[in-house]
Structures are given as structure tokens and as C-alpha cells.
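*Asks:* Let me give you the structure first, and then I'll get to my questions.
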Amino acid sequence: MQTITNLSSQELMQLEDQYGAHNYHPLPVVLAKGEGVHVWDVEGKKYYDFLSAYSAVNQGHCHPRITKALVDQAGQLALTSRAFYNDKLGAYEKFMSEYFGFDKILPMNTGAEGVETAIKICRKWGYEKKGIANGEAKIIVCGENFHGRTVTIISFSSDPDAKGNFGPYTPGFVSIPYNSIEALQKVLEAEGKNVAGFLVEPIQGEAGVNTPADGFLKKAYDLCQEHKVLFIGDEIQTGIARTGKLLACDYDGVKPNILILGKALSGGAYPVSAVLADNHIMEVIKPGQHGSTYGGNPLACAVAMEALKIVTEEKLAENAFELGNIFRERMQNLVDTCDLVTLVRGKGLLNAIIINDTPDSSTAWDICVALSENGLLAKPTHGNIIRFAPPLVMTKEQLNECCDIIENTIRNFKK
């Protein structure tokens, strides 16, 4: 087998095109190194990272403390499976339970696994605790959601690309418009006795950083409690300081009945996800009913604990809150003075701008290509929306430099 080294960006992109499934459409940039808020391509060009691996790298690329925890634990013990106890899992579960304020955690690996786990727990709770007839449990979801790409999850997606030609689909889900208390109340009043849960993103990231009205989450939570329905918060992208609070639900003072975490739970160093709930919910899961070979492995536990300590000790939520206000103020000035941008929205350092063109145009993509040429990496979503989510370790000076790049690129952009 030939070893491939010292290839150009173009050659490496051609390799992916030839040998990899075409399930992504990346920007034409091939990255080889990361540190803090910066990444470098194989030719050595330096960029600001304004995507953070979809908010997985909140603590910054290759944070030395996370890297050390990963290497130290990898040299000691990486995997036992759950056939045996290991010396990290119990400490990790205690740490997580106390950090987020829940009785118990069920550890998994990926975000999609976390969502699937929450769905299973919710349904089982509905049958065993709420008394829903077997096979009749429903979970309410929101349109334009993104919770992953398993068959069950895409069954309640409204994205034709995510859903098309993958059926038959999993039943048991009712979709309502996002940010509509009226729609939620209508379904609960009509079908509440068979509804086990309401699954919601506090901010819809993939849909273009759709940010609900103030109080929506609290009103939704209260309705759920009234109808004995579990409020399931998918904070895989919004959680762990991204929005300027530890959890985005904190803005409305809501503690989900079931909380789903992933992405930045490991600082981007290793796949780690988790589902948290109190005893009266989590106790429905018994041995043999759910699991994962890698879930709760020592490596994941060591990395996740260090990643969360960094969030607290480096005050990343506070930094995201402050820098987010600066960013939206700068972008609002752009909206007010440039016809190419019509809106800025978001919380903390999860933000988006809306480009004044149709969703099926290439304008947002072309702007992102121009941004990359000017040293900043971002990615469009839903056609005419550009999402901006830099690592939370960014400084004010760096943020303002990035705002200069964005403003100059857009003001000088020609369709």
C-alpha cells in the first residue's frame, strides 16, 4: 500500500472525491492544523474558524489541557466496554450529574445517539409511568428541526434532502411549527394523553439559528408539565456555553426533564454525548435495554471532565455572552448600511446573517468562499443564511478583526 504524503489541497480534495461517499459539500479548503481560534490549510494559510466544527470546538482547537487528558488516559486505559466497571465512569457520572443538576446520566458517543437514547427513554417512561397504551406513545417535534440523521430522526425531519428516499419512516411523531405555543397547546389538548414528550432545540442551529421569542421555552415547559409530558432539550449544539449561558434553556429558566448533550462535551477531541434525567425518568432503563460498546469509556470520561472544567475556569459562557453582543451590534450596523444583508440573529456566539437573495441562489456560498480567501471560515445553511460560531476562547481584539473581515468581504462582494 502506497503512503500518501505532501499532497496539495487540490490533490487531497480529489482523493476524497474519488474514494469517499459524497455525503458532504465542504468549502474548498483542506485543513491540517488547529490551535485556539485558528486553523491552517496544508499550504500553511491561516484562517479564523467561525464554525467550530458545528460548535464542537467551543474550548478552541487542540486545547492543551484536553489534549493532555486525552493522551494521558489513552496511555492508561481506553476501552473496557460496559461488561466491566472502569475507574473513570463513576467519577464522570457524579461530575456530570452535579455539574448540570440531574440525578443520573446515560453516556453515549454521538449526538444522534443521544437523541435516539432520549426518544427511547421518553417512550418507555410514557408506557411505564404515564400509562400510555403500548405502541401509542407520541413525541411532539418542531418543523425545520435538526436532531441527527438516523432513520428514526429523519422520519420527523422537514428537510427533503435529509428525508428523501430513506423510508419507510418511523411513526409516532407529531410536528408543529417552531416557536408556536398555540400549536403546541392545540396538540396537547387534543392528544395529550398519548403524548410522552416534546423534543425541541432551544435555538435551531442547522435551520439558520432560528431563535424563539423570549419566554417560548418556559411557556412550552409549563404546558408540558400541565399535561404530564417530558420536555426534552436538545442542547447538543446550543449547550456548554455556546449561547452565553451554560445551557440555552437557562435564558428562560427552564430545566429540561431530559437533557441531551454532545459536541463540545469533549471540546472536539473525541465523540462524547450524554443524556441526563432525574431518577423517576431514568429508572425505566434496565440492564440489556440500551447501551453502547463505547458509551462511558474511560477516554471519553477523562476528556469530558477536563473539557467542562475549562468551560467554568476560563469563563467561556461569560465570554460568549459579551462577545456575542459585540458581534450582533457590528453585524446590525452592516444590515443597516448594506443591502446584501437583511437580518442578524442569535445568542452568545451562535449567530447568523440572512443574505438578500433566494435560498436556491449561490450567493451565500460564494460569500463564504470569498471569506475563506480573506482568512475566515464559515458555512452557509439553508441556502441564503450564513452561520457564525467561533470558538469561545476568542478575544475582543480577534472578534473585531473578524468582524472587519466579514464587513469588508460583504461590502466588496459582487454577485
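The values are calculated or read from the model by the stated rules, or taken from the named source; none is laboratory data. From a predicted model like this one, the values you see are computed outputs, not experimental measurements. Quick reminder, even Gly has a Cβ in these numbers, built from the backbone with ideal geometry, and neighbours come from all protein chains shown.
*Asks:* Could you tell me how many of the residues in the range 342-367 are in a loop (DSSP other than H, G, I, E, B) and of a type outside the set (A, V, I, L, M, F, W, C)? Don't jump to the end; show me each part of the working.
*Replies:* Looking only at the range 342-367, we keep the residues that are in a loop (DSSP other than H, G, I, E, B), and these are 348-349, 356-362.
Of the ones still in play, those that are also of a type outside the set (A, V, I, L, M, F, W, C) are 348, 356-362.
Count: 8.
*Asks:* Any residue in the range 22-39 that is in contact with a Lys or Arg (Cβ under 7 Å, 6 or more places away or on another chain) and either farther than 24 Å from G239 by Cα or buried (at least 19 other Cβ atoms within 10 Å of the Cβ) (or both)? Steps first, please.
*Replies:* First, the residues of the range 22-39 that are in contact with a Lys or Arg (Cβ under 7 Å, 6 or more places away or on another chain): 27, 38-39.
Okay, now just the ones that are also either farther than 24 Å from G239 by Cα or buried (at least 19 other Cβ atoms within 10 Å of the Cβ) (or both), so 27, 39.
Yes; the residues of the range 22-39 include at least one that is in contact with a Lys or Arg (Cβ under 7 Å, 6 or more places away or on another chain) and either farther than 24 Å from G239 by Cα or buried (at least 19 other Cβ atoms within 10 Å of the Cβ) (or both).
*Asks:* Scanning the range 114-141 for residues that are out of contact with any helix residue (DSSP H, G or I) (no Cβ under 9 Å at 6 or more places or on another chain) and surrounded by 23 or more Cβ atoms within 10 Å (Cβ to Cβ), which turns out nearest to A264 (Cα to Cα)?
*Replies:* G114
*Asks:* Residues A183, A190: which one is touching a Pro at 6+ places or on another chain (Cβ under 8 Å) and free of Cβ contacts under 8 Å to residues at least 12 places away in the same chain? Walk me through it before giving the result.
*Replies:* Numbers: A190 fails: touching a Pro at 6+ places or on another chain (Cβ under 8 Å).
When all the criteria are applied, what remains is A183.
*Asks:* Can you name the number of the only condition in (1) part of a helix (DSSP H, G or I); (2) in contact with a strand residue (DSSP E or B) (Cβ under 7 Å, 6 or more places away or on another chain); (3) among the charged types (D, E, K, R) that E144 fails?
*Replies:* (1)
*Asks:* Just a yes or no: is a residue in the range 380-388 part of a loop (DSSP other than H, G, I, E, B), buried (at least 16 other Cβ atoms within 10 Å of the Cβ), without any contact (Cβ under 8 Å) to a residue 60 or more places away in the chain and of a type in the set (G, A, S)?
*Replies:* As a first pass, look at the range 380-388 and keep what is part of a loop (DSSP other than H, G, I, E, B): 382-384.
Pick out the ones that are also buried (at least 16 other Cβ atoms within 10 Å of the Cβ) and you get 382-384.
From what is left, the residues that are without any contact (Cβ under 8 Å) to a residue 60 or more places away in the chain are 383-384.
Narrowing the set further to residues that are of a type in the set (G, A, S) leaves 383.
Looking through the range 380-388, at least one residue is part of a loop (DSSP other than H, G, I, E, B), buried (at least 16 other Cβ atoms within 10 Å of the Cβ), without any contact (Cβ under 8 Å) to a residue 60 or more places away in the chain and of a type in the set (G, A, S).
*Asks:* Something else: Taking G44 as the residue in question, decide whether it is modelled with pLDDT of 95 or more and in contact with a His (Cβ under 7 Å, 6 or more places away or on another chain).
*Replies:* Values: modelled with pLDDT of 95 or more: yes; in contact with a His (Cβ under 7 Å, 6 or more places away or on another chain): no.
No.
*Asks:* Is it fair to say R149 is part of a loop (DSSP other than H, G, I, E, B), over 16 Å from A274 (Cβ atoms) and charged (D, E, K, R)? It would help to see each step written out before you state the result.
*Replies:* Numbers: part of a loop (DSSP other than H, G, I, E, B): yes; over 16 Å from A274 (Cβ atoms): yes; charged (D, E, K, R): yes.
Here the answer is yes, as R149 does meet what is asked.
*Asks:* Just to be sure I understand, how many residues within the range 3-53 are touching a residue at least 24 places away in the same chain (Cβ under 8 Å), of a type in the set (A, V, I, L, M) and out of contact with any helix residue (DSSP H, G or I) (no Cβ under 9 Å at 6 or more places or on another chain)?
*Replies:* Final tally of qualifying residues: 3.
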